[in-house]
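The structure appears below as C-alpha coordinates.
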Amino acid sequence: MSTAIQIAYLVASILFITGIKLLGKTKDARRGNMLSAIGMLIAIIATLLTINLLSYVEIFVCILIGGAIGLFYATKVAMTKIPEMVALFNGFGGLASFAVALSDYFQKSSATGVSLDAVNLTSIIISVLIGGVTFTGSMIAFLKLDGKISGQPITFKGQHPLNLLLLIAFVVTSVLVFLNPGNLVFIGVLIGISLLLGILTVIPIGGADMPVVISLLNSYSGMAACATGFILNNNVLIVAGSLVGASGIILTQIMCKAMNRSLTNVLLGGFGQTVATGGQDGPAIVVKEIGVEETAMLFDGASSVLVVPGYGMAVAQAQHVIRELMEQCEKRKIDFRFAIHPVAGRMPGHMNVLLAEANISYDKLIEMESINDDFPNTDLVFIVGANDVVNPAARTNPQSPIYGMPILNADKARTVIVSKRSMGKGYAGIENELFGYPNCLMLFGDAKQTITKVVSEMKDMS
Ligand code: NAP
(Lines give C-alpha, C1' and ligand atoms only; values in the text may rest on other atoms or scores of the structure.)
Protein backbone atom coordinates (compact mmCIF):
# COMPACT_ATOMS: atom_id res chain seq x y z
CA MET A 1 0.00 0.00 0.00
CA SER A 2 2.70 2.44 1.03
CA THR A 3 4.62 1.84 -2.23
CA ALA A 4 1.43 2.44 -4.22
CA ILE A 5 0.88 5.70 -2.34
CA GLN A 6 4.46 6.85 -3.00
CA ILE A 7 4.03 5.99 -6.70
CA ALA A 8 0.78 8.00 -6.75
CA TYR A 9 2.66 10.93 -5.16
CA LEU A 10 5.40 10.60 -7.77
CA VAL A 11 2.85 10.63 -10.61
CA ALA A 12 1.15 13.68 -9.04
CA SER A 13 4.53 15.45 -8.74
CA ILE A 14 5.36 14.71 -12.40
CA LEU A 15 1.96 16.11 -13.40
CA PHE A 16 2.58 19.29 -11.35
CA ILE A 17 5.98 19.83 -12.95
CA THR A 18 4.69 19.15 -16.49
CA GLY A 19 1.70 21.41 -15.77
CA ILE A 20 3.92 24.30 -14.69
CA LYS A 21 6.13 23.82 -17.74
CA LEU A 22 3.07 24.07 -20.01
CA LEU A 23 1.92 27.25 -18.26
CA GLY A 24 4.99 28.94 -19.78
CA LYS A 25 3.30 29.12 -23.20
CA THR A 26 -0.12 30.76 -23.56
CA LYS A 27 -1.41 28.20 -26.04
CA ASP A 28 -0.56 25.24 -23.76
CA ALA A 29 -1.59 26.92 -20.49
CA ARG A 30 -5.09 25.41 -20.31
CA ARG A 31 -3.66 21.92 -20.75
CA GLY A 32 -1.03 22.66 -18.10
CA ASN A 33 -3.73 23.77 -15.68
CA MET A 34 -5.76 20.64 -16.32
CA LEU A 35 -2.74 18.32 -15.84
CA SER A 36 -1.87 20.00 -12.54
CA ALA A 37 -5.50 19.71 -11.39
CA ILE A 38 -5.45 15.97 -12.19
CA GLY A 39 -2.17 15.70 -10.24
CA MET A 40 -3.83 17.40 -7.26
CA LEU A 41 -6.81 15.01 -7.43
CA ILE A 42 -4.44 12.01 -7.41
CA ALA A 43 -2.52 13.50 -4.47
CA ILE A 44 -5.72 14.12 -2.48
CA ILE A 45 -7.07 10.60 -3.08
CA ALA A 46 -3.72 9.01 -2.19
CA THR A 47 -3.50 11.10 1.00
CA LEU A 48 -7.05 10.21 2.03
CA LEU A 49 -6.15 6.53 1.66
CA THR A 50 -3.17 6.88 4.00
CA ILE A 51 -4.85 8.55 6.95
CA ASN A 52 -7.15 5.68 7.97
CA LEU A 53 -10.20 7.76 8.70
CA LEU A 54 -13.06 6.06 10.49
CA SER A 55 -15.47 7.95 8.31
CA TYR A 56 -14.86 9.71 5.01
CA VAL A 57 -18.25 11.39 5.14
CA GLU A 58 -17.05 14.57 6.90
CA ILE A 59 -14.12 14.88 4.49
CA PHE A 60 -16.34 14.54 1.41
CA VAL A 61 -18.92 16.96 2.81
CA CYS A 62 -16.10 19.48 3.34
CA ILE A 63 -14.72 18.87 -0.17
CA LEU A 64 -18.20 19.35 -1.62
CA ILE A 65 -18.85 22.58 0.30
CA GLY A 66 -15.37 23.97 -0.48
CA GLY A 67 -15.60 22.88 -4.13
CA ALA A 68 -19.04 24.46 -4.54
CA ILE A 69 -17.86 27.77 -3.05
CA GLY A 70 -14.74 27.68 -5.28
CA LEU A 71 -16.75 26.87 -8.40
CA PHE A 72 -19.29 29.59 -7.64
CA TYR A 73 -16.67 32.30 -7.22
CA ALA A 74 -14.45 31.11 -10.08
CA THR A 75 -17.34 31.40 -12.55
CA LYS A 76 -18.73 34.60 -11.04
CA VAL A 77 -15.56 36.62 -10.48
CA ALA A 78 -14.89 39.42 -12.98
CA MET A 79 -11.57 39.24 -14.84
CA THR A 80 -10.59 42.56 -13.25
CA LYS A 81 -11.04 41.07 -9.77
CA ILE A 82 -8.72 38.08 -10.25
CA PRO A 83 -5.83 39.70 -8.31
CA GLU A 84 -8.12 40.03 -5.28
CA MET A 85 -9.11 36.39 -5.67
CA VAL A 86 -5.46 35.31 -5.92
CA ALA A 87 -4.72 37.32 -2.77
CA LEU A 88 -7.49 35.43 -0.94
CA PHE A 89 -6.23 32.07 -2.27
CA ASN A 90 -2.72 32.83 -1.03
CA GLY A 91 -4.06 33.94 2.33
CA PHE A 92 -6.11 30.80 2.84
CA GLY A 93 -3.17 28.65 1.66
CA GLY A 94 -1.02 30.30 4.34
CA LEU A 95 -3.78 29.91 6.93
CA ALA A 96 -4.11 26.18 6.12
CA SER A 97 -0.38 25.59 6.67
CA PHE A 98 -0.51 27.68 9.84
CA ALA A 99 -3.49 25.67 11.16
CA VAL A 100 -1.94 22.27 10.31
CA ALA A 101 1.32 23.26 12.01
CA LEU A 102 -0.49 24.33 15.19
CA SER A 103 -2.74 21.28 15.23
CA ASP A 104 0.36 19.06 14.96
CA TYR A 105 2.01 21.02 17.76
CA PHE A 106 -1.00 20.73 20.09
CA GLN A 107 -1.41 17.01 19.32
CA LYS A 108 2.20 16.15 19.94
CA SER A 109 2.75 18.37 22.97
CA SER A 110 -0.50 17.29 24.66
CA ALA A 111 -0.84 15.99 28.24
CA THR A 112 0.68 12.64 27.33
CA GLY A 113 4.08 14.32 27.24
CA VAL A 114 6.17 16.07 24.66
CA SER A 115 7.08 14.03 21.61
CA LEU A 116 8.34 16.77 19.31
CA ASP A 117 11.75 16.23 17.75
CA ALA A 118 13.96 19.00 16.37
CA VAL A 119 12.88 18.55 12.73
CA ASN A 120 9.24 18.63 13.81
CA LEU A 121 9.63 21.75 15.91
CA THR A 122 11.64 23.55 13.24
CA SER A 123 9.02 22.78 10.58
CA ILE A 124 6.19 23.89 12.88
CA ILE A 125 7.94 27.18 13.71
CA ILE A 126 8.67 27.89 10.02
CA SER A 127 5.06 27.04 9.08
CA VAL A 128 3.69 29.33 11.80
CA LEU A 129 5.95 32.20 10.68
CA ILE A 130 5.44 31.97 6.91
CA GLY A 131 1.81 30.81 7.15
CA GLY A 132 0.90 33.63 9.56
CA VAL A 133 2.69 36.32 7.53
CA THR A 134 1.09 35.01 4.33
CA PHE A 135 -2.38 35.00 5.87
CA THR A 136 -2.51 38.51 7.32
CA GLY A 137 -0.31 39.96 4.55
CA SER A 138 -2.64 38.57 1.89
CA MET A 139 -5.72 39.86 3.70
CA ILE A 140 -4.22 43.37 3.75
CA ALA A 141 -3.32 43.03 0.04
CA PHE A 142 -6.91 41.91 -0.66
CA LEU A 143 -8.42 44.84 1.29
CA LYS A 144 -6.11 47.31 -0.48
CA LEU A 145 -6.87 45.97 -3.94
CA ASP A 146 -10.60 45.81 -3.24
CA GLY A 147 -10.58 49.44 -2.06
CA LYS A 148 -11.81 48.45 1.42
CA ILE A 149 -8.75 50.21 2.85
CA SER A 150 -6.68 52.94 1.24
CA GLY A 151 -4.25 51.81 -1.46
CA GLN A 152 -1.83 54.50 -0.28
CA PRO A 153 1.28 53.35 1.60
CA ILE A 154 0.63 53.45 5.36
CA THR A 155 3.88 54.38 7.02
CA PHE A 156 5.14 55.53 10.38
CA LYS A 157 8.50 56.38 11.90
CA GLY A 158 10.63 53.41 12.88
CA GLN A 159 8.60 50.97 10.78
CA HIS A 160 11.53 48.95 9.43
CA PRO A 161 13.40 48.79 12.77
CA LEU A 162 10.13 47.58 14.36
CA ASN A 163 9.81 44.81 11.75
CA LEU A 164 13.42 43.82 12.37
CA LEU A 165 12.81 43.83 16.12
CA LEU A 166 9.77 41.60 15.70
CA LEU A 167 11.79 39.20 13.57
CA ILE A 168 14.52 39.05 16.23
CA ALA A 169 11.84 38.51 18.91
CA PHE A 170 10.48 35.64 16.79
CA VAL A 171 13.92 33.99 16.62
CA VAL A 172 14.49 34.40 20.38
CA THR A 173 11.04 33.01 21.21
CA SER A 174 11.67 30.09 18.82
CA VAL A 175 14.75 29.21 20.87
CA LEU A 176 12.59 29.34 24.02
CA VAL A 177 10.08 27.02 22.35
CA PHE A 178 12.92 24.57 21.67
CA LEU A 179 13.94 24.72 25.33
CA ASN A 180 10.34 24.43 26.62
CA PRO A 181 8.40 22.64 23.87
CA GLY A 182 5.21 22.31 25.93
CA ASN A 183 4.99 25.99 26.94
CA LEU A 184 1.86 27.43 25.33
CA VAL A 185 2.79 31.04 26.16
CA PHE A 186 5.84 30.91 23.88
CA ILE A 187 3.90 29.39 21.00
CA GLY A 188 1.22 32.06 21.54
CA VAL A 189 3.89 34.77 21.22
CA LEU A 190 5.11 33.19 17.94
CA ILE A 191 1.54 33.21 16.60
CA GLY A 192 1.05 36.88 17.55
CA ILE A 193 4.37 38.01 16.03
CA SER A 194 3.83 36.18 12.73
CA LEU A 195 0.30 37.61 12.28
CA LEU A 196 1.50 41.11 13.15
CA LEU A 197 4.51 40.90 10.81
CA GLY A 198 2.20 40.06 7.87
CA ILE A 199 0.20 43.25 8.48
CA LEU A 200 3.22 45.45 9.11
CA THR A 201 5.15 44.33 6.04
CA VAL A 202 2.28 44.89 3.59
CA ILE A 203 0.70 48.15 4.85
CA PRO A 204 3.64 50.36 3.79
CA ILE A 205 3.41 49.16 0.21
CA GLY A 206 1.43 51.28 -2.25
CA GLY A 207 -1.42 49.91 -4.38
CA ALA A 208 0.52 50.21 -7.65
CA ASP A 209 3.10 47.75 -6.32
CA MET A 210 0.52 45.26 -5.05
CA PRO A 211 1.01 42.81 -7.98
CA VAL A 212 4.59 42.21 -6.84
CA VAL A 213 3.43 41.70 -3.26
CA ILE A 214 0.73 39.23 -4.32
CA SER A 215 3.26 37.26 -6.30
CA LEU A 216 5.66 37.27 -3.33
CA LEU A 217 2.91 36.15 -0.95
CA ASN A 218 2.09 33.40 -3.44
CA SER A 219 5.65 32.23 -3.09
CA TYR A 220 5.38 32.43 0.73
CA SER A 221 2.23 30.29 0.69
CA GLY A 222 4.21 27.65 -1.26
CA MET A 223 7.06 27.77 1.24
CA ALA A 224 4.60 27.43 4.13
CA ALA A 225 3.03 24.40 2.41
CA CYS A 226 6.52 22.94 1.91
CA ALA A 227 7.31 23.31 5.63
CA THR A 228 3.97 21.67 6.43
CA GLY A 229 4.98 18.80 4.13
CA PHE A 230 7.95 18.18 6.44
CA ILE A 231 5.66 18.25 9.51
CA LEU A 232 3.30 15.70 7.98
CA ASN A 233 6.09 13.75 6.31
CA ASN A 234 4.20 14.15 3.05
CA ASN A 235 6.42 14.12 -0.05
CA VAL A 236 3.86 15.46 -2.50
CA LEU A 237 3.18 18.48 -0.28
CA ILE A 238 6.92 19.17 -0.14
CA VAL A 239 7.17 18.98 -3.96
CA ALA A 240 4.01 21.05 -4.60
CA GLY A 241 5.01 23.63 -1.97
CA SER A 242 8.51 23.99 -3.43
CA LEU A 243 7.09 24.43 -6.94
CA VAL A 244 4.72 27.19 -5.79
CA GLY A 245 7.48 28.79 -3.69
CA ALA A 246 10.01 28.76 -6.54
CA SER A 247 7.63 29.82 -9.31
CA GLY A 248 6.25 32.63 -7.12
CA ILE A 249 9.77 33.95 -6.52
CA ILE A 250 10.60 33.77 -10.25
CA LEU A 251 7.38 35.66 -11.12
CA THR A 252 8.19 38.20 -8.40
CA GLN A 253 11.60 38.81 -9.96
CA ILE A 254 10.11 39.18 -13.45
CA MET A 255 7.56 41.68 -12.12
CA CYS A 256 10.17 43.59 -10.12
CA LYS A 257 12.15 43.99 -13.31
CA ALA A 258 9.02 45.15 -15.17
CA MET A 259 8.28 47.75 -12.49
CA ASN A 260 11.94 48.61 -11.90
CA ARG A 261 11.88 47.62 -8.24
CA SER A 262 14.49 45.61 -6.40
CA LEU A 263 13.44 42.49 -4.53
CA THR A 264 15.06 43.81 -1.33
CA ASN A 265 12.80 46.82 -1.66
CA VAL A 266 9.78 44.53 -1.83
CA LEU A 267 10.93 42.44 1.12
CA LEU A 268 11.49 45.51 3.28
CA GLY A 269 8.24 47.12 2.13
CA GLY A 270 7.76 50.86 1.96
CA PHE A 271 8.31 51.57 -1.70
CA GLY A 272 5.91 53.49 -3.91
CA GLN A 273 6.02 56.36 -1.48
CA THR A 274 7.44 59.02 -3.78
CA VAL A 275 5.13 62.00 -3.82
CA ALA A 276 2.89 61.82 -6.88
CA THR A 277 3.72 65.22 -8.25
CA GLY A 278 4.43 63.92 -11.75
CA GLY A 279 2.58 66.22 -14.12
CA GLN A 280 0.23 67.50 -11.44
CA ASP A 281 2.04 70.72 -10.62
CA GLY A 282 2.94 71.44 -14.24
CA PRO A 283 0.80 73.28 -16.77
CA ALA A 284 -2.57 71.71 -17.59
CA ILE A 285 -2.35 69.22 -20.43
CA VAL A 286 -3.97 70.51 -23.62
CA VAL A 287 -5.25 67.68 -25.76
CA LYS A 288 -6.48 67.33 -29.34
CA GLU A 289 -9.68 65.34 -29.80
CA ILE A 290 -10.45 63.09 -32.72
CA GLY A 291 -13.83 61.71 -33.81
CA VAL A 292 -14.86 58.25 -34.93
CA GLU A 293 -14.84 59.07 -38.66
CA GLU A 294 -11.34 60.57 -38.65
CA THR A 295 -10.10 57.63 -36.60
CA ALA A 296 -11.48 55.21 -39.20
CA MET A 297 -9.75 57.23 -41.92
CA LEU A 298 -6.42 57.14 -40.09
CA PHE A 299 -6.69 53.36 -39.77
CA ASP A 300 -7.61 53.11 -43.45
CA GLY A 301 -4.50 55.05 -44.46
CA ALA A 302 -2.01 53.30 -42.15
CA SER A 303 0.32 50.53 -43.23
CA SER A 304 1.28 49.45 -39.70
CA VAL A 305 -0.77 49.54 -36.49
CA LEU A 306 0.23 48.67 -32.94
CA VAL A 307 -2.51 48.32 -30.34
CA VAL A 308 -1.54 48.96 -26.71
CA PRO A 309 -4.23 47.40 -24.52
CA GLY A 310 -4.61 48.34 -20.86
CA TYR A 311 -6.93 48.05 -17.91
CA GLY A 312 -9.65 50.11 -19.65
CA MET A 313 -9.94 47.45 -22.37
CA ALA A 314 -10.76 44.93 -19.64
CA VAL A 315 -13.31 47.27 -18.04
CA ALA A 316 -14.99 47.99 -21.38
CA GLN A 317 -14.70 44.33 -22.50
CA ALA A 318 -13.51 45.75 -25.82
CA GLN A 319 -11.36 42.76 -26.86
CA HIS A 320 -13.98 41.27 -29.21
CA VAL A 321 -14.58 44.51 -31.08
CA ILE A 322 -10.80 44.98 -31.31
CA ARG A 323 -10.65 41.64 -33.12
CA GLU A 324 -13.19 43.03 -35.61
CA LEU A 325 -11.00 46.12 -36.00
CA MET A 326 -8.04 43.81 -36.67
CA GLU A 327 -10.05 41.95 -39.33
CA GLN A 328 -10.91 45.23 -41.05
CA CYS A 329 -7.24 46.28 -41.01
CA GLU A 330 -5.99 42.91 -42.24
CA LYS A 331 -8.46 43.07 -45.13
CA ARG A 332 -6.59 46.22 -46.10
CA LYS A 333 -3.22 44.42 -45.74
CA ILE A 334 -2.29 46.59 -42.74
CA ASP A 335 0.32 45.06 -40.43
CA PHE A 336 -1.65 44.79 -37.15
CA ARG A 337 -0.05 43.71 -33.86
CA PHE A 338 -0.43 44.15 -30.12
CA ALA A 339 2.23 45.55 -27.76
CA ILE A 340 1.90 43.90 -24.36
CA HIS A 341 3.30 45.49 -21.20
CA PRO A 342 4.05 42.94 -18.43
CA VAL A 343 1.93 44.83 -15.85
CA ALA A 344 -0.83 46.17 -18.13
CA GLY A 345 -4.24 45.57 -16.56
CA ARG A 346 -4.49 44.27 -13.04
CA MET A 347 -2.72 40.92 -13.09
CA PRO A 348 0.19 39.29 -14.91
CA GLY A 349 -0.97 38.04 -18.31
CA HIS A 350 -4.28 39.96 -18.03
CA MET A 351 -4.15 41.31 -21.59
CA ASN A 352 -3.03 37.98 -23.08
CA VAL A 353 -5.98 36.18 -21.47
CA LEU A 354 -8.54 38.71 -22.72
CA LEU A 355 -7.17 38.83 -26.26
CA ALA A 356 -6.96 35.03 -26.39
CA GLU A 357 -10.61 34.93 -25.29
CA ALA A 358 -11.39 37.02 -28.40
CA ASN A 359 -9.55 34.45 -30.56
CA ILE A 360 -6.66 36.75 -31.38
CA SER A 361 -3.72 34.58 -32.30
CA TYR A 362 -0.85 34.45 -29.79
CA ASP A 363 1.77 35.37 -32.39
CA LYS A 364 0.14 38.81 -32.74
CA LEU A 365 0.88 39.58 -29.07
CA ILE A 366 4.40 40.95 -28.77
CA GLU A 367 6.07 41.46 -25.39
CA MET A 368 7.47 44.88 -24.46
CA GLU A 369 11.16 44.02 -24.90
CA SER A 370 10.62 42.71 -28.41
CA ILE A 371 8.29 45.46 -29.62
CA ASN A 372 9.72 48.64 -28.10
CA ASP A 373 12.16 49.32 -30.96
CA ASP A 374 9.34 49.03 -33.53
CA PHE A 375 7.31 52.03 -32.29
CA PRO A 376 9.27 54.73 -34.22
CA ASN A 377 8.58 52.85 -37.47
CA THR A 378 4.87 52.41 -36.76
CA ASP A 379 2.28 54.58 -38.53
CA LEU A 380 -0.43 54.38 -35.92
CA VAL A 381 -0.43 53.36 -32.26
CA PHE A 382 -3.87 52.75 -30.83
CA ILE A 383 -3.91 52.89 -27.02
CA VAL A 384 -7.02 51.24 -25.65
CA GLY A 385 -7.64 51.97 -21.96
CA ALA A 386 -3.92 52.00 -21.10
CA ASN A 387 -2.37 54.87 -19.19
CA ASP A 388 0.49 54.18 -16.72
CA VAL A 389 2.21 51.67 -19.04
CA VAL A 390 2.69 54.38 -21.71
CA ASN A 391 3.36 57.33 -19.38
CA PRO A 392 6.63 59.04 -20.45
CA ALA A 393 6.98 60.36 -16.86
CA ALA A 394 8.46 56.94 -16.08
CA ARG A 395 11.43 58.03 -18.21
CA THR A 396 11.54 61.76 -17.60
CA ASN A 397 10.22 62.68 -14.13
CA PRO A 398 12.29 61.48 -11.14
CA GLN A 399 9.51 62.75 -8.83
CA SER A 400 6.95 60.44 -10.37
CA PRO A 401 5.93 57.30 -8.43
CA ILE A 402 6.41 55.29 -11.62
CA TYR A 403 9.85 56.76 -12.42
CA GLY A 404 12.14 53.99 -13.65
CA MET A 405 9.34 51.62 -14.64
CA PRO A 406 10.01 50.43 -18.21
CA ILE A 407 7.18 51.62 -20.46
CA LEU A 408 5.98 50.95 -23.98
CA ASN A 409 7.48 53.58 -26.33
CA ALA A 410 4.04 54.48 -27.75
CA ASP A 411 4.93 58.21 -27.78
CA LYS A 412 7.63 57.52 -30.39
CA ALA A 413 5.15 56.43 -33.10
CA ARG A 414 4.14 58.73 -35.96
CA THR A 415 0.55 59.05 -34.74
CA VAL A 416 -1.01 57.96 -31.46
CA ILE A 417 -4.75 57.62 -30.83
CA VAL A 418 -5.89 57.09 -27.23
CA SER A 419 -9.26 55.51 -26.53
CA LYS A 420 -10.48 56.36 -23.02
CA ARG A 421 -13.56 57.94 -21.47
CA SER A 422 -12.10 61.14 -20.04
CA MET A 423 -8.84 62.58 -18.72
CA GLY A 424 -9.18 60.12 -15.83
CA LYS A 425 -5.93 58.87 -14.30
CA GLY A 426 -4.62 55.34 -14.24
CA TYR A 427 -3.76 53.06 -11.34
CA ALA A 428 -0.79 55.15 -10.17
CA GLY A 429 -3.08 58.21 -9.93
CA ILE A 430 -0.91 60.54 -12.00
CA GLU A 431 -1.35 62.70 -15.11
CA ASN A 432 -0.03 61.48 -18.43
CA GLU A 433 1.71 64.14 -20.50
CA LEU A 434 1.63 61.86 -23.55
CA PHE A 435 -2.01 62.89 -24.05
CA GLY A 436 -0.83 66.45 -24.80
CA TYR A 437 1.96 65.47 -27.22
CA PRO A 438 1.69 66.89 -30.78
CA ASN A 439 1.39 63.40 -32.31
CA CYS A 440 -1.36 62.31 -29.88
CA LEU A 441 -5.13 62.40 -30.50
CA MET A 442 -7.82 61.58 -27.93
CA LEU A 443 -10.81 59.43 -28.91
CA PHE A 444 -13.05 59.97 -25.90
CA GLY A 445 -15.75 57.48 -24.90
CA ASP A 446 -16.13 53.93 -23.64
CA ALA A 447 -13.64 51.81 -25.62
CA LYS A 448 -16.16 49.19 -26.72
CA GLN A 449 -18.70 51.73 -27.90
CA THR A 450 -16.27 53.97 -29.78
CA ILE A 451 -14.34 51.12 -31.41
CA THR A 452 -17.64 49.56 -32.52
CA LYS A 453 -18.42 52.82 -34.30
CA VAL A 454 -14.92 52.97 -35.84
CA VAL A 455 -15.36 49.41 -37.16
CA SER A 456 -18.73 50.21 -38.67
CA GLU A 457 -17.23 53.31 -40.36
CA MET A 458 -14.49 51.13 -41.82
CA LYS A 459 -17.04 48.61 -43.03
CA ASP A 460 -18.91 51.43 -44.77
CA MET A 461 -15.69 52.58 -46.44
CA SER A 462 -14.94 49.22 -48.02
P1 NAP B 1 -4.18 52.20 -15.96
O2 NAP B 1 -2.93 53.01 -15.87
O3 NAP B 1 -4.79 51.73 -14.70
O4 NAP B 1 -5.21 53.06 -16.82
C5 NAP B 1 -6.42 52.54 -17.22
C6 NAP B 1 -7.17 53.62 -17.99
O7 NAP B 1 -8.32 52.98 -18.55
C8 NAP B 1 -7.67 54.75 -17.14
O9 NAP B 1 -6.89 55.91 -17.29
C10 NAP B 1 -9.13 54.95 -17.60
O11 NAP B 1 -9.30 56.29 -18.06
C12 NAP B 1 -9.28 53.98 -18.75
N13 NAP B 1 -10.60 53.32 -18.78
C14 NAP B 1 -11.30 52.83 -17.76
N15 NAP B 1 -12.48 52.35 -18.18
C16 NAP B 1 -12.50 52.53 -19.53
C17 NAP B 1 -13.44 52.24 -20.54
N18 NAP B 1 -14.62 51.67 -20.27
N19 NAP B 1 -13.13 52.55 -21.82
C20 NAP B 1 -11.94 53.14 -22.11
N21 NAP B 1 -11.03 53.46 -21.19
C22 NAP B 1 -11.30 53.15 -19.91
O23 NAP B 1 -3.94 50.91 -16.87
P24 NAP B 1 -2.61 50.29 -17.48
O25 NAP B 1 -1.95 51.26 -18.39
O26 NAP B 1 -3.01 48.96 -18.00
O27 NAP B 1 -1.62 50.13 -16.26
C28 NAP B 1 -1.77 49.14 -15.28
C29 NAP B 1 -1.50 49.74 -13.93
O30 NAP B 1 -2.02 48.86 -12.94
C31 NAP B 1 -0.02 49.92 -13.63
O32 NAP B 1 0.17 51.05 -12.80
C33 NAP B 1 0.32 48.65 -12.85
O34 NAP B 1 1.46 48.80 -12.02
C35 NAP B 1 -0.95 48.46 -12.06
N36 NAP B 1 -1.25 47.10 -11.66
C37 NAP B 1 -0.91 46.08 -12.48
C38 NAP B 1 -1.20 44.78 -12.12
C39 NAP B 1 -0.78 43.65 -13.02
O40 NAP B 1 -0.31 42.63 -12.53
N41 NAP B 1 -0.95 43.80 -14.32
C42 NAP B 1 -1.91 44.54 -10.93
C43 NAP B 1 -2.28 45.63 -10.12
C44 NAP B 1 -1.94 46.90 -10.51
P45 NAP B 1 -10.76 56.96 -18.07
O46 NAP B 1 -11.26 56.89 -16.68
O47 NAP B 1 -10.51 58.35 -18.55
O48 NAP B 1 -11.59 56.18 -19.02
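The values are calculated or read from the model by the stated rules, or taken from the named source; none is laboratory data. Here the structure is a predicted model, which means the values were calculated and not measured. All Cβ positions, glycine included, derive from the backbone under ideal geometry; neighbour counts span all protein chains shown. All accessible areas refer to the heavy atoms of the entire protein, side chains included, with ligands and DNA or RNA removed. Shrake-Rupley method; radii C 1.70, N 1.55, O 1.52, S 1.80 Å.
Side notes on the structure shown:
- Per residue, region 278-427 exposes 41 Å² of accessible surface when a 1.4 Å probe is rolled over the protein heavy atoms with every protein chain present.
- A Förster radius of 35 Å, combined with the Cβ-Cβ distance separating Asn377 from Thr264, puts the computed FRET efficiency at roughly 0.35.
- The overall shape of region 376-430, judged from the alpha-carbon gyration tensor, is oblate: a/c is not under 1.5, and a/b is no greater than b/c.
- Virtual spin-label span in nm between Val57 and Thr122, 7 Å along Cα→Cβ: 4.3 nm
- At a probe radius of 1.4 angstrom, the accessible area of region 1-73 per residue rounds to 73 square angstrom.
- Counting only protein heavy atoms and using a 1.4 Å probe, the accessible area of Met326 comes to about 20 Å².
- Spacing of the modelled spin labels on His320 and Val77, each 7 Å from Cα toward Cβ, amounts to 2.3 nm.
- A 1.4 Å probe over all protein chains sorts Val213, Val171, Val292, Val353 by accessible area into Val171, Val353, Val292, Val213, starting with the largest.
- Anisotropy class of region 24-103 from Cα gyration tensor, a/c 1.5 cut: prolate
- The reciprocal of the average 1/r between distinct C-alpha atoms defines the Kirkwood hydrodynamic radius, which for the chain equals 24.4 Å.
- Accessible area in square angstrom per residue, region 210-256, 1.4 angstrom probe: 35 Å²
- Exposed loop sites are taken as chymotrypsin sites (Phe, Trp or Tyr not before Pro) in a DSSP loop (any state but H, G, I, E or B) with at most 14 other beta carbon atoms within 10 Å; the longest stretch of the chain without one runs 157-462.
- The Stokes-Einstein estimate for region 111-199, based on a Kirkwood radius over Cα pairs and taken at 20 °C with 1.002 mPa s viscosity, is a diffusion coefficient of 148 µm²/s.
- Overall shape of region 161-221 was characterised from the C-alpha gyration tensor. The equivalent ellipsoid obtained from it has semi-axes of 28, 12, 9 Å, in decreasing order.
- Nearest-10 value in Å² for the accessible area of Asp117, using the 1.4 Å probe: 80 Å²
- Between Ser103 and Ile69, the modelled label-to-label distance comes to 1.5 nm, taking each label 7 Å out from Cα in the direction of the beta carbon.
- A DSSP coil position with no more than 16 other Cβ atoms inside 10 Å describes the following trypsin sites (Lys or Arg not before Pro) in region 103-179: Lys148, Lys157.
- Cα centroid separation - region 338-380 against region 402-462, whole Å: 15 Å
- For Arg332, the solvent-accessible surface computed with a 1.4 Å probe is close to 50 Å², ligands and nucleic acids excluded.
- Net length gained if the chain between Leu179 and Lys333 were fully extended (0.36 nm per residue, minus Cα distance): 47.9 nm
- Shape index of region 16-55: Rg/Rh, with Rg the Cα radius of gyration and Rh the Kirkwood radius from the inverse mean 1/r over Cα pairs, equals 1.23.
- Three-way shape label, region 310-398, alpha-carbon gyration tensor, a/c 1.5: oblate
- The chain: relative contact order in percent, alpha carbon pairs under 8 Å with at least 6 residues between: 14 percent
- Extension gain from Ala37 to Ala4, taking 0.36 nm per residue of separation minus the Cα-Cα distance: 9.9 nm
- Solvent-accessible area, 1.4 Å probe, carbon plus sulfur percent, for the chain: 65 percent
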